[in-house]
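A quick write-up on the structure given underneath.
The values are calculated or read from the model by the stated rules, or taken from the named source; none is laboratory data. The shown structure was predicted, so the numbers you read here are calculated from the model rather than taken from an experiment. Note: ideal-geometry Cβ built from the backbone for every residue, glycine included; neighbour counts use all protein chains shown. The area values use the complete protein model at the heavy-atom level, side chains included, leaving out ligands, DNA and RNA. Shrake-Rupley method; radii C 1.70, N 1.55, O 1.52, S 1.80 Å.
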Amino acid sequence: MSAAPATEQPTAYVNARLMDPATGRDTPGALLSLNGKIADLGADLFSGGVPDGIPTIDCNGHILAPGLIDMRVHLGEPGEEHKDTIASATAAAAAGGITTLICLPNTNPPIDDVSLIEFMARRAREKGLVKIYPYAAITRDCAGTELAEMGILAEAGAMGFTDGQRALANSLVMRRALSYASTFDLLIMQHPEDPELVKEGVMNEGEVATRLGLSGIPSAAEPIMVARDMRLVEITGARYHAGHISTADAIDIVRRAKARGLPVTCDTAPHYFTLNETAVGNYRTFAKTSPPLRSEEDRLAVIEGLKDGTIDAIASDHTPQDQDSKRLPFAQAECGIAGLETLLPLSLALYHSGEMTLLDVLGKLTANPADLLRLDEGRLAVGAPADLVVIDPDRPWRIDPDSFLSKSKNSPFDGHPVQGGAEKTVVGLRMVFDRTS
Amino acid sequence: MTTGLPELNFPHRHILGIEGMTREEINFLLDLSDSYVAQNRRVDKKSALLRGRTLINVFFENSTRTRTSFELAGKRLGADVINMSVSTSAIKKGETMIDTAMTLNAMGPDVLVVRHPHSGAVQLLAEKVTCSVINAGDGSHEHPTQALLDALTIRRRRGALDGLLVAICGDILHSRVARSNIQLLNIMGARVRLIAPRTLLPAEAGRLGAEIHHDIRKGLEGCDIIMMLRLQTERMHGSFVPSIREYFHFYGLDHEKLSCAKPDALVMHPGPMNRGVEIDSELADDIDRSVISEQVEMGVAVRMACLDTLTRDLPANRSLDEGEPTR
């Protein structure tokens, strides 16, 4: 029996600063990928030069890291293709150094059925520049009442379960969801906000909201939900993740839960450690988010949570909104920030400000989300997918939403000065972004 | 007449649950049941053992098969049998359960067979009457005659229960059949595994004397007996279980999943079955593996044995002065 001749597709990455948060590696060196997987890496690799015939990418001394994993992304597809499509969102992701994004299920129709998982997989294959893995809904229609078919959704490829931008508020349903999920060792991700306390609220409750005459969302809405969920995690043993955590009190609850050994994780988004409620300023709807931008104390607590490991990951919480959704009176405007292209530079600010090491910042964007989602991606290891990003951590620039590849330009960071970003992004065999070309 | 049987070894006025029974008492009931299986297979199935005795089936919850089984058991022993479906009569008029029980008691029955939707209700009723009471199922608590008939079915097929590995699979949370069976199997020296999603398992289920499994294939490994439980319709659309499709995919017993158990493992179900929900239709009808019909047959014999046993102890005349218990 003769095997079909394998077409070897090697690529050499040379002159790199290899940074792998999973192992703590930070050394000069080179990396060899073969057929889309990492085949070798190290300081001595190619010390005698790259053999002839192997395509070579010169990293120019920049960082070569695992591609970013963005664990919270709202895609416009299906249902809101005028805001973003898989093609536009993955192009934006590639430009942001993201090689894997996990999309939320609160689409139209919502991803609560195996057929939708299969649809997303097909669309991602046809149109996606980077990898897309979906979450599925915890409850049918994300309505918070009847459990979705979590077992078969997970078999079909759902990475975890969440009702998207809607909290699973009913304690009984949440208890059963966690209990059922633990049967199959599945991850439940909560939008941690007590909806009754949010109601008509449009921004953080406090002085700014009072002066603007906007109805407030008390920051207590978040710790109330997280505290309840911790109790439910305790009696069910399910793996639980709090999405885009934003308040000091909720972070503290997660911190204590972790100390007690509960299987709990959480993430935050760059706007929660970059901005506070004053960004709403003169009714700037681009600064309207869910949960809302919080107080300065909360912002500092988010940074503290990132530093001490309470907050496991940073995700963009990319939420594309077109002009018609944002050019409205503040209360009527939609929530959300288009964040794929600003995730990396805004996160790198934590390094430039001296708060965190570069490896720690990159860990929140690669190995940590990979670990909690149980992905093979997110590490520089032999055999792992060759999803890579070349990062110049120092290049100064200003964020310009008009240049976003995402269809939506809703960012409060217009003109915001940042340092660093993706130079090149590679997914397996394919260079999906090259800033210099 | 039942001859050649062991000495009466059953010092209870009621049969309210498996809890509190000994291995000897259970064996006594099963031995007696065996003799009634023989009687039920004769052309003339009727005896006069309970002639003059009155049995009232008091069902506060709908039932067809259990009520019919008790009715047949009573009639084959020659008793007068009355069926009362209380859910449709007195309760609607506002009478409390205890008043209903006292009223019936005043009519002088020898045995009341009671089913009630609430756990503990049959025991409460038993405390208020002067006759014997058999629990035909109380809420999610006990269903002792079901456990006995399951034991009889297994014992006749396998010779003994000692050392067998028995899987109980499905809605353990709401199941009185499971609770009675777990106790009986433990008393008789069998090992028990419970297989269910966490939403259908009660808290601390492992403390009942059973191993817990969530993966049916792993749970069935090495099992001699598989007891499937019914999943109520109202529990399978998103509350305890997302859907029938998902439940059948992970927990519905079919030949493929059954192949994880011992090659000669027997499949049981207390009925009524939901074909295509907890059990594959073809498997349910597979006479080589399924003993579901046999369970129904054993049910009549077990109930005859229970009626026989309890009425042996009753005074011959029902005046309230203490008379010698006679037959």
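Here are some notes:
- If the chain linking A:Thr23 and A:Arg211 were pulled fully straight, counting 0.36 nm for each residue of separation and taking away their Cα-Cα distance, it would gain 62.8 nm.
- Overall form of the stretch A:73-373 per C-alpha gyration tensor (a/c, 1.5; a/b vs b/c): rounded
- When the surface is traced with a 1.4 Å probe over the full set of protein chains, A:Arg379 keeps roughly 50 Å² accessible.
- Proximal charge balance of B:Val291 [Cβ under 11 Å; K/R count +1, D/E count -1]: -1
- Only aspartates and glutamates eight or more places from A:Lys199 in sequence, or on another chain, were considered; those with a Cα closer than 16 Å are A:Glu222, A:Glu334.
- Neighbourhood net charge (12 Å Cβ-Cβ; Lys/Arg +1, Asp/Glu -1) for A:Ile69: -2
- If R0 is 35 Å, the Cβ-Cβ spacing of A:Lys127 and A:Asn60 corresponds to a FRET efficiency of close to 0.70.
- Rounded if a/c under 1.5, otherwise prolate or oblate - the stretch B:90-142, Cα gyration tensor axes: oblate
- Area accessible to solvent at A:Thr56, 1.4 Å probe radius, in Å²: 70
- Taking the accessible area of the stretch A:17-74, probe 1.4 Å, and keeping the other protein chains in place, the carbon and sulfur fraction comes to 49%.
- Within-12-Å neighbourhood charge of B:Met188 [Cβ basis; K, R +1; D, E -1]: 0
- Nearest-0.05 FRET efficiency for A:Ile235 and A:Ser47, computed from C-beta distance (R0 41 Å): 0.15
- On association of chains A and B, roughly 1500 Å² of accessible area becomes buried (total for both chains; probe 1.4 Å).
- In the structure shown, the pairs A:Lys37/A:Lys424; A:Lys83/A:Lys364; A:Lys127/A:Lys409 are assessed against 19 Å; a Cα-Cα span above that value is assigned to A:Lys83/A:Lys364; A:Lys127/A:Lys409.
- Taking the convex hull of Cα positions in the stretch B:26-138, its mean projected area over all directions (nm²): 7.5
- Rounded to the nearest 20 debye, dipole of chain A from Cβ charges on Lys, Arg, Asp, Glu: 120
- Based on C-alpha pairs under 8 angstrom that are at least 6 apart in sequence, the stretch A:165-262 has a relative contact order of 32 percent.
- Taking every residue in A:132-140 and counting other chain Cβ atoms within 10 Å of its Cβ, the average works out to 1.
- Tally of Lys pairs whose C-alpha atoms are under 14 Å apart, taken over chain B, 8 or more apart or cross-chain: 4
- Rolling a 1.4 angstrom probe over the protein heavy atoms with all chains in place gives the protein assembly as shown an accessible area of 39 Å² per residue.
- At R0 = 22 Å, FRET efficiency that the Cβ-Cβ distance of B:Glu256 and B:Arg158 yields, to 0.05: 0.40
- Overall, the anisotropy analysis places the stretch B:104-255 in the oblate class: the square-rooted eigenvalues a ≥ b ≥ c of its C-alpha gyration tensor yield a/c not less than 1.5, with a/b not exceeding b/c.
- Inter-chain Cβ neighbour average for residues B:245-254, partner chain, 10 Å: 3
- Accessible surface of B:Asp162 - all protein chains present, 1.4 Å probe, nearest 10 Å²: 90
- Within the accessible area of chain B (1.4 Å probe), percent carbon and sulfur: 51
- Per the Debye formula on identical point scatterers at the alpha carbon atoms of chain B, with no solvent, log10 I(q)/I(0) at q = 0.06 Å⁻¹ is -0.21.
- Interface residues in the stretch B:163-211 - accessible area drops by 10 Å² or more relative to the isolated chain, probe 1.4 Å: B:Pro197, B:Arg198, B:Thr199
- Solvent-accessible area of the stretch A:159-236 (1.4 angstrom probe, protein heavy atoms only): carbon and sulfur portion equals 49 percent.
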